[in-house]
Each structure stands twice: as structure tokens, then as C-alpha cells.
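A short worksheet on the structure shown next.
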């Protein structure tokens, strides 16, 4: 009798074990189906779309849009302004703002982008250090169902969702137009930005759009043409020193990729006693450049109203995060596709209109711009 009770007890136990295993299998199957459904929407494993939410739209539980920004550098004055103004604009739209800066390190920028993706940002905004290397960031974001907005600098050879910048080709044209008015013939030096930055190529293209007819007529000779690694003024100064030595100081005009490189070139010109004698063009309207313009050592800069750029980019980023289709006014090819783009209009600034442009806009205070000028 006891033996029969034991047998029945063991059979019941086995039945319970089988039932538990069956339940576990059903639960695992259900979990798998939910993960697979999430991946169909472009989401990473373990995440799902809230009810009524479109694929690619990733919100926090409280419904707040989260905007991630990965920046190349904060070494230049303008990028500090970009970060601050873009962050302010994002927050004014009721979204959360997270920013990371890569210190001009491609591997670090990719790693930081991965971190932002892992934090569940709804949209990733990228200011790339290397236009080609940043394609990896776009691919990783898209794999997680996150759209990418390329801010000011275009990511090359990637499926970028939107590009917001100034018309950088026009920037170069404004530089060359200003300098050729001053020096319609002579020996020109071109100190570009880094070859890895596609914007540097666009600016250079604009410069040579204007210079080429002069070159073809034999009126202008390009005696030095060099890229500047990482936009560093010290590298630009070294390039300018080489140009001056190779031409025994006989240089008639300099066009530089930005105000930082223009400043480096002016340092080298000063060593030859030529600062203020040789016209120099830059761009970005940095404070130091504005001070050099009123002092007479830099001829012009190109003002790109950063607040306008930041506010437009923030508005479009939040719309994209909500699943809306952003407006674009043109297409810009990045080597892989024609990227929907919004390009704003740059403004040439010299000593004649500096008060009516960057000072009137509050970009720089008048007392700061003229602080080194004797009253």
C-alpha cells in the first residue's frame, strides 16, 4: 500500500515538472515573438513600440523626446556657441538634451554615439570629425531605429536623413569675391581646412568657382594650396610659413578655411612684417577675427548666424523624433545619395558692415570687438 502511494506521488511530481517545462517554453516563445516584432520596427532587442507609436519613434515613458548630440570638438569658439544655442533651442521645445564631445577623435565619437543610442535617444544629431568615418555612426543609429541629422558638416557615404547647415560653397565664393575686389591679380595662397571635413571641400569649391576665371586669364597664380589638419591655427601658421619662405615673402593675398586658420596665417605674416599689408579672408565671425578686422590685419570673415542654425536644426530634429517628415529646400549629394538639406544664407563681413551685422545681432558685444582699438 505504501509502495503504491509512493508511485502515485512520483507520477504526480513528474506531471508537475512536465507542466512547468511546457509553461516555460510558452513564455520563451512569447518573449521571442515580442523581441522579433520590436526588431521588425528597427528597435534593439528588449524594446518595443508603445501603442500608437510609429516605427523609428522612441520616447521615454513620460513621452519626453530625447535629443542626442555628438560633437567633434569644442576647441573653436563657434562650436561652444553651437552647443549652447542648440541645447537651449531643444529644451525650449520641451525635449531633453544630451551632448557628448569627441575631442577630434573618430573612435571616441563612434563610442559616444553608441552610448547615446544605448541611452535611448529619439534622434541623433552629428557634427562629424571625419566625414567618412562618421558613416559608421549613421549605420549604428539606423540599426537601432534612430534617424540622424547631420549638423553643419555633412556625413559622407551614408544614408543621412537630413543635413542642416549654411551654404558652404557660397561661403567660399563670398571669401574669394571680397579678396579679388582688393587684389584682382597676383600671387594667392590658399590655406584650407582639414581634408577629412567635407565642409572644407565645399568652401574650397566655392573659392575656386570665383578664382578660376582669373587663373585661366593668367591674372592670379596659386603659389600655395594646402589643407590644415584638424583646423588647428598652429598648423595653418606652419603652412603659411612654408608659403612665405618658398616665395621669399612675395605673397599678395591669402584665403583661409576659417577664422582660426586665418589667425594662424596672420601670425606667420606678422613674422615677415606683412600683417595688415596682405589681405586675408576667413569665416565663422569669431571674436578674435572681428578684432583683427577692426585692427586691419584681417580683411573679412563670413558670418553664419549660429542661433538661426541651432534653432532650425533643433526644430527639425524634434519633428523627426516625432516621426514627422522634415522640410528640405534642396538636395546635397554625400557620395551615396542626395540628402534632403536645409541650407541657410551666410553673410560677408568687413570693417564697413561689422557694426550692422555681428554686433547688431548681439553675436559679439561692440566693446569686445573694439577693445584693442585706441579711442
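The values are calculated or read from the model by the stated rules, or taken from the named source; none is laboratory data. All figures in this text were calculated on a predicted structure; none of them were measured in a lab. Cβ coordinates were reconstructed from backbone atoms using ideal geometry, including for glycine residues, and neighbour counts include every protein chain displayed.
I'd like the full set of residues that are farther than 30 Å from residue 124 by Cα and surrounded by 17 or more Cβ atoms within 10 Å (Cβ to Cβ), limited to the range 295-324.
297, 298, 299, 300, 301
Specify which of the listed residues (351, 360) is surrounded by fewer than 17 Cβ atoms within 10 Å (Cβ to Cβ) and out of contact with any strand residue (DSSP E or B) (no Cβ under 9 Å at 6 or more places or on another chain).
Answer to the check: 360.
Please pick out the residue among 113, 131 that is touching a residue at least 40 places away in the same chain (Cβ under 8 Å), buried (at least 22 other Cβ atoms within 10 Å of the Cβ) and in a helix (DSSP H, G or I).
Testing whether each residue is touching a residue at least 40 places away in the same chain (Cβ under 8 Å), buried (at least 22 other Cβ atoms within 10 Å of the Cβ) and in a helix (DSSP H, G or I) leaves just 113.
Can you tell me which residue among 94, 145 is surrounded by fewer than 20 Cβ atoms within 10 Å (Cβ to Cβ), in the same structural domain as residue 321 (by TED's automatic domain parsing), at pLDDT 95 or above and assigned to a loop (DSSP other than H, G, I, E, B)?
Unique residue meeting the criteria: 94.
Kindly indicate which of 306, 293 is in contact (Cβ under 8 Å) with a residue 24 or more places away in the chain, on the phi < 0 side of the Ramachandran plot and in contact with a strand residue (DSSP E or B) (Cβ under 8 Å, 6 or more places away or on another chain).
Working: 306 fails: in contact with a strand residue (DSSP E or B) (Cβ under 8 Å, 6 or more places away or on another chain).
Criteria check complete, one pass: 293.
Being surrounded by fewer than 22 Cβ atoms within 10 Å (Cβ to Cβ), out of contact with any helix residue (DSSP H, G or I) (no Cβ under 9 Å at 6 or more places or on another chain) and in a helix (DSSP H, G or I) narrows it down to one residue among 205, 181; which is it?
None of the other options fit; the residue is 181.
Restricting to the range 116-128, what's the tally of residues that are buried (at least 20 other Cβ atoms within 10 Å of the Cβ) and part of a loop (DSSP other than H, G, I, E, B)? Write out each step before concluding.
From the range 116-128, those buried (at least 20 other Cβ atoms within 10 Å of the Cβ) are 116-117, 121-128; that's our starting set.
From what is left, the residues that are part of a loop (DSSP other than H, G, I, E, B) are 121-122, 127-128.
Of the residues in the range 116-128, 4 are buried (at least 20 other Cβ atoms within 10 Å of the Cβ) and part of a loop (DSSP other than H, G, I, E, B).
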